[in-house]
1. Can you pull the percent of the chain's accessible area that's carbon plus sulfur, 1.4 Å probe, other chains left in place?
2. In percent, how large is the relative contact order of the chain, given Cα pairs closer than 8 Å and 6 or more residues apart?
3. How much accessible area per residue does the chain have, counting only protein heavy atoms and a probe of 1.4 Å, in square angstrom?
4. For the Cα atoms of the chain, what angle does the longest principal axis make with the long axis of helix 56-65, in degrees from 0 to 90, nearest 10?
5. Just flag the GluC sites (Glu not before Pro) in the stretch 23-81 sitting in loop per DSSP whose Cβ has no more than 11 other Cβ atoms within 10 Å.
6. So what does residue 5 come to for accessible area, using a 1.4 Å probe and Å² rounded to 10?
7. Have a look at 69, 23, 43 and tell me which one the Gaussian network model of the chain (Cα, springs below 10 Å) gives the largest fluctuation.
8. Kirkwood hydrodynamic radius, computed over distinct alpha-carbon pairs, for the chain: how many Å, to one decimal?
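The values are calculated or read from the model by the stated rules, or taken from the named source; none is laboratory data. None of these values were measured; they are calculated from a predicted model. Cβ: placed from backbone, ideal geometry, glycine included. Neighbour counts: every protein chain shown. SASA here: full protein model, heavy atoms, side chains in, ligands and nucleic acids out. Shrake-Rupley method; radii C 1.70, N 1.55, O 1.52, S 1.80 Å.
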Amino acid sequence: MLNRIIIMGRLVRDPELRTTQSGVSVTSFTLAVDRDFKSRDSGEKSTDFIDVVAWRQTAEFVCKYFAKGRMAVAEGRLQIR
């Protein structure tokens with residue numbers, strides 16, 4: 001099976017770098033992703049808010065170079081809890 005997702009959107013807030021008890025870097029942030037089509041009822045575009053978690057060097061990179069409002073592309077696997 002294939003579980004791969006690529007999303008592009010703007011960061012809702014600044015990412016915060018945290019570390020686990022074992023010393024692994026982790027950050028979580030939310031991307032606001034606009035839909036390509038407009039609603040039939042209101043004629044407005046809707047936005048999905050996708051929670052993203054980055055680990056290790058990727059987490060450090062995200063916290064160093066990205067801030068609220070910046071456009072970002074995330075690639076990974078989809079996991080629903």
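1. 49 percent
2. 42 percent
3. Details: 6850 Å² over 81 residues.
Ligands and nucleic acids excluded, the figure is 85 Å² per residue.
4. The angle comes out at about 60 degrees.
5. Here the GluC sites (Glu not before Pro) that fit, given the DSSP loop and packing criteria, are 44.
6. 50 Å²
7. Most flexible of the set in this elastic network: 43.
8. Kirkwood hydrodynamic radius for the chain: 13.9 Å.
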